[in-house]
Each structure stands twice: as C-alpha cells, then as structure tokens.
Amino acid sequence: MENLLSLNDLKRETLFELLDLSDKIKNGVTNPSLHGKKIALLFEKPSLRTRASFEIGMNEMGGICVSFNDSEFGMGERESAADIAKVLSRYVDIIAARVNNHSDLITLSNNATIPIINSLSDLEHPLQTLADLMTIREKKGELNKLNITFIGDGNNVSSSLALGCALVGANFTIASPKNYELPQSIIKQANLIANNNDWIQLVRNPKDAVNNADVIYTDVWTSMGQDQERKDRSKAFKDYKVTSEMLGSAKEDAIFMHDLPAHRGEEVEDGIIEHEQSVVFDQAENRLHTQKALIAYMIG
C-alpha cells in the first residue's frame with residue numbers, strides 16, 4: 001500500500017490486517033517502534049481527533065510529528081501542492097493531509113516520494129472508517145453480514161463507510177433526502193467491490209432504513225465549508241434526525257455511531273450520544289489505535 005487516499009486503495013486482506021494490528025495495539029499486545037520516523041500533518045481544516053491521535057500515536061511509538069495549519073503552507077496560494085510534496089519528501093517519512101479538495105491529495109501523491117494519507121477530503125474520510133469498523137467488530141464480534149445503516153448526507157464519511165462495508169462483507173443502507181445522496185462514483189465502486197450492482201440500499205425514509213439494523217450511524221447535516229448551505233440543509237434534513245424511536249425500531253442490541261463533532265438536537269436527539277447503546281466515544285478512542293496501526297503498517 002503506497003498511499004491511502006481512499007478506502008478503495010485497500011485490499012480486503014490488508015484491511016483486516018490493519019484491524020487485527022489495531023486490536024493488538026489497543027490491548028497492549030504490541031506497540032510498534034517508529035524511532036526516528038517522522039510524519040508531517042497538513043491541515044487545511046481544523047481537527048481534534050485526527051490531530052491528537054496522530055501526534056499522540058507517533059509519540060507513543062517513538063516517532064516525530066510536525067503539524068502545519070493552512071496559514072503556514074497555503075496550498076495552491078502560498079505554495080503549490082507539488083512543491084510541498086517534493087520538499088516534505090526530503091524531511092519526513094510520511095504525510096497525512098486534511099484538505100478541502102481531493103484533487104490536492106492526488107497532486108501530493110503524484111509528486112511525493114513518500115506515502116500520503118487522506119486525513120479527510122471532500123470525497124472521503126478513510127481514517128474514520130478504519131476506526132468505525134474496528135469499533136463495530138469490537139461490539140459485534142464480526143463484520144460479515146451485519147446490517148449497517150447511515151442516516152443523513154451522502155458525504156465523505158458515509159462514502160468511505162460504504163466502501164469499507166463492501167470490503168468486509170457487511171450490508172449497507174443509507175437514507176438521504178433528494179439531492180444529498182451518495183455520489184454515483186462511490187455507489188459504483190462499492191457495488192463493484194461487493195460484486196453486486198444493487199448492493200447499496202438507497203432509501204428516502206429513515207424509519208424504513210433502520211428496520212433490522214445492527215448499527216445506526218449519522219453525521220452532521222452541515223459540514224465544514226458548507227455554512228452558506230446551512231438553511232437549505234436544515235430544511236432538507238429535518239426528518240432525518242436520529243431519535244430514540246428510530247433506535248427502538250432497530251435490532252434490540254443495535255449500536256449508535258457518530259464520528260463527531262455532533263450537533264445535539266439537530267442530526268441526533270438529545271441523550272442519544274450518551275445512551276447505553278451509543279459507542280460514539282469508543283469510536284473516538286479507536287482513531288488513535290487504528291492510525292497507529294496504519295502508520296506502522298506503511299512505514300514501520
């Protein structure tokens with residue numbers, strides 16, 4: 001695996017190797033040594049979990065982490081993505097970039113001589129899906145044939161989750177309002193991985209989507225950079241709030257997931273995140289373990 005720009009860059013066996021290594025790291029069976037190895041973080045968008053998990057993870061493995069925000073590198077304005085990639089390739093062993101435009105990740109990867117990790121783009125959020133799948137497997141014991149339901153926007157989080165579910169053999173249903181569905185490119189990729197042209201279940205009514213669900217997942221209605229759309233999005237998603245009634249319509253042992261940050265009372269009813277069926281903060285913790293495993297796998 002040279003880069004991780006998309007979940008589509010992972011083979012099924014590699015994904016499970018990463019999940020197994022993540023489990024070992026979390027349970028103290030192993031702590032990979034990356035002494036002398038260096039990672040650069042490029043963040044065009046703010047971050048809590050991604051930055052903390054990378055910086056702490058590298059420190060725990062004996063490596064070095066340097067972080068830059070947008071004002072310090074100004075990709076495409078102060079300095080080209082190609083030049084950034086070429087310069088940092090001389091300094092560090094791997095780059096994790098959190099960008100506005102996925103095309104910049106491709107430019108970085110085309111010009112770097114070191115691996116590039118997608119820490120979030122407008123198309124995908126593969127790091128979140130690694131932590132999600134680890135969490136689901138912890139709680140359910142397996143991934144194959146589970147019914148995973150996403151309520152809300154066909155955004156970067158749900159796109160990566162769809163691809164991840166296809167890789168591990170889980171079933172994936174997404175309920176989205178009109179004009180906010182998963183991109184057709186993601187649907188085609190996921191169906192191809194699953195070897196089934198009708199594998200992804202696309203529905204409108206969220207109440208129908210949660211029937212028989214093992215996992216109910218949601219995300220904010222308005223992501224970073226979409227503030228001008230907030231009014232329209234609030235109107236479009238008004239019936240897509242995850243409620244205790246929805247949770248009650250799923251399987252009795254269903255779990256609730258959210259990648260955070262959350263807008264309580266908007267996409268999720270107050271109290272659901274703290275509900276006994278919620279695994280939201282386990283997800284957040286597992287960002288640390290899966291990202292340590294990924295870095296160790298790529299440059300260890």
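Applying the condition of being touching a strand residue (DSSP E or B) at 6+ places or on another chain (Cβ under 7 Å) and surrounded by fewer than 20 Cβ atoms within 10 Å (Cβ to Cβ) to the stretch 187-226 and asking which residue is farthest from residue 156 (Cα to Cα) yields 212.
Can you confirm whether residue 103 is hydroxyl-bearing (Ser, Thr, Tyr) and free of Cβ contacts under 8 Å to residues at least 60 places away in the same chain?
Spelling it out, residue 103 is indeed hydroxyl-bearing (Ser, Thr, Tyr) and free of Cβ contacts under 8 Å to residues at least 60 places away in the same chain.
For the stretch 6-15, the set of residues classified as more than 20 Å from residue 97 (Cα to Cα), of a type in the set (D, E, K, R) and assigned to a helix (DSSP H, G or I) consists of 12, 13, listed by residue number.
Pairs are defined by a Cβ separation below 6 Å, a sequence spacing of at least 6 or placement on different chains, a first member in the stretch 53-73 that is under 17 Å from residue 94 (Cα atoms), and a second member that is of a type in the set (Phe, Trp, Tyr) and not in a helix (DSSP H, G or I); the pairs so defined are 69/43. Condition check: modelled with pLDDT of 95 or more and assigned to a helix (DSSP H, G or I). Does residue 18 satisfy that? Considered against the rule, which asks whether it is modelled with pLDDT of 95 or more and assigned to a helix (DSSP H, G or I), residue 18 comes out as yes.
Answer with yes or no whether residue 104 is surrounded by 20 or more Cβ atoms within 10 Å (Cβ to Cβ), over 30 Å from residue 212 (Cβ atoms) and acidic (Asp, Glu).
Numbers: surrounded by 20 or more Cβ atoms within 10 Å (Cβ to Cβ): yes; over 30 Å from residue 212 (Cβ atoms): yes; acidic (Asp, Glu): yes.
Taking the combined requirement at face value, the residue satisfies it.
Filtered by the rule that a residue be of a type in the set (S, T, N, Q) and surrounded by fewer than 20 Cβ atoms within 10 Å (Cβ to Cβ), the stretch 9-30 gives 14, 27, 30. Of the helices (runs of 4 or more DSSP H) lying entirely inside the stretch 36-112, the ones with 1 or more residues being modelled with pLDDT under 95 and either of a type outside the set (S, T, N, Q) or not assigned by TED's automatic domain parsing to the domain that holds residue 223 (or both) are found at 70-73.
The values are calculated or read from the model by the stated rules, or taken from the named source; none is laboratory data. Note that the structure is a prediction, hence the values are computed from the model and not measured. Every residue, glycine as well, gets a Cβ built from its backbone with ideal geometry; the counts of neighbours run over all protein chains shown.
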